[in-house]
1. If I model a spin label at VAL374 and ILE110 as a point 7 Å from the Cα along the Cα→Cβ vector, what separation in nanometres do I get?
2. Could you pull out every one of the aspartates and glutamates with an alpha carbon less than 17 Å from that of LYS99, ignoring same-chain neighbours closer than 8 positions?
3. Can you tell me what share of the DSSP beta bridges in segment 22-194 is antiparallel? A percent to the nearest 5 is fine.
4. With the full set of protein chains in place, find how many percent of the accessible area of the chain is carbon and sulfur; take the probe as 1.4 Å.
5. If you average 1/r over all unlike Cα pairs in the chain and invert the result, what Kirkwood radius do you get in angstrom?
6. Please enumerate, by chain and number, the lysines with C-alpha under 21 Å from the C-alpha of LYS275, excluding those fewer than 8 residues away in the same chain.
7. Roughly what would the spin-label model give for THR447 and SER324, points 7 Å off Cα along C-beta, in nm?
8. If you stretched the chain out fully between PHE236 and THR339, how much longer would it get, using 0.36 nm times the residue separation minus the C-alpha to C-alpha distance?
Amino acid sequence: MNRNSYNIMALAPNTSKKRETVCIFGTGDFGRALGHKLIQSGYPVVFGSRNTQKSNLIPKDAEMLSHAEAAQKAAIIITAIQRQHYNFLTPLAEILRGKVLVDVSNNLKINQYPESNAEYLAELVPGAKVVKAFNTVSAWALQSGTLDASRQVFVCGDDMEAKQMVMDIVRALGLTPLDQGSLLAAQEIENYPLQLFPMWKFPIILSLGLTAFFFFYCLIRDVIYSYVYEKKDYSFFIAISIPNRICPILALILLALVYLPGVLAAILQLYRGTKYRRFPDWLDKWMLCRKQLGLVALAFASLHVLYTLVMPIRSFVSWRTSSSTISQALKNTTQPLNTTYAWLSDSYLALGILGFFLFVLLGITSLPSVSNNVNWREFRFVQSKLGYLTLILCTAHTLVYGGNRFLSPSSYKWYLPNAYMLSLIIPCIVLVVKFVLVFPCLDKPLTRIRQGWERKPQYSE
Ligand code: NAP
């Protein structure tokens, strides 16, 4: 669900009016928590329950009545009851006629029923004005007051006045109502709390798959090959060397995958000559999770930085340095400084540092608190122009790391190239295609297409 598109209603509660009594059906966890919060906000609350005996869990200022008696006392009735028990409302249909009936229910599975719970409630009690609200707020958050993460309350309903009354209550509780439109939106609102990081699924599955692939790839090349041919045990590479190979590879591939869908979309728009035809579903979904792909890439880049920082204190590295010094001493030789190599190594580090700095900047600007404070043009500048610059720097960092090893036969083991060579394929494709798209002969028509211009279809006779 795209939260940005929601109509965020005014936040200030209307405190001047006298609070109207609110009736809550059901004295379960949610009913009680909401009752407490309503009483704290100055609403008289009456509970409608199967059992009118007041337990000490019920707020002491609330009334406890039967469903029928409680419903008569209020114009708004909140049904804090599971959908499977809604049948008890049918005999109350006459009492509920013209009243606002608020459905707060959730299901256990996405699209569990053919219609939403709110629409089902509207069918059961046709005379009532059904409004869907509060289902994304938990009883625990209401009771403990930890509503920071879930301050937004999605509201939908067919009756504008009824919806307005519910939104007034939402505001009075210190929450933010988000008008989602008619009751048709209820299904989506009910599915919302059941989604498990929907935008993160693809980036996480993809990075797990790539991590597994590159782990075994590096294991074969760096550990098993050395064991088979040189009888050397490099199994300790699993702890730091292999992760430090995988992290930059994944950071680079995932960063390139953030920009690949944009490039594909541009090619598709140029081919179709219009922006008014929908992209294939897979491309739409891919575009929607670019931010998450970028953040996962940033996490891998940060891990690469940490692994690199501990390199000098590794015993393997100090052993290699000391044995090279001793061997030079024994041979009574000193290796002259190879300035070409020094240049390559310093450039490689400089590109990595700059690339990582821009990577972090991209990550920071994707945070809602920052992106809300920049205008669309600034956001696009950072995410597109600086994003491509980051991709160029990180690709160059990897290319320089390869140096002259790309063509050296010794860097191929069992015909397998170094893993970082594989990581360059997608970024290089993205950068080359982007470079081609920047040419005026392609950029101009693309800009016009994105401004709404359409190429007329050519009909053959
Ligand atoms: P609950 O603790 O199981 O309470 C449900 C209440 O429904 C019971 O206390 C009972 O109240 C009433 N009830 C049970 N069987 C009934 C029947 N056969 N006929 C009439 N009333 C019956 O559930 P809950 O956690 O409060 O959740 C209530 C609703 O709020 C659910 O639809 C849930 O999806 C929604 N919700 C809950 C949360 C949450 O954090 N818990 C968050 C958002 C939305 P009486 O004994 O007083 O009749």
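1. Here the answer is 3.1 nm between the modelled labels.
2. Hits, sequence-local ones excluded: GLU20, GLU69, GLU119, GLU123, ASP158, ASP159, GLU161, ASP168.
3. Restricted to segment 22-194, the bridges split so that about 10 percent are antiparallel.
4. Its accessible area is 62 percent carbon and sulfur atoms.
5. Here the Kirkwood hydrodynamic radius works out to 27.3 Å.
6. LYS285, LYS434, LYS444, LYS456
7. Result for the modelled spin labels: 5.0 nm.
8. 33.9 nm
The values are calculated or read from the model by the stated rules, or taken from the named source; none is laboratory data. Keep in mind the model is a prediction, meaning the values are calculated, not measured. In this analysis, Cβ positions are derived from the backbone assuming ideal geometry, glycine residues included, and neighbour counts consider all displayed protein chains. All accessible areas refer to the heavy atoms of the entire protein, side chains included, with ligands and DNA or RNA removed. Shrake-Rupley method; radii C 1.70, N 1.55, O 1.52, S 1.80 Å.
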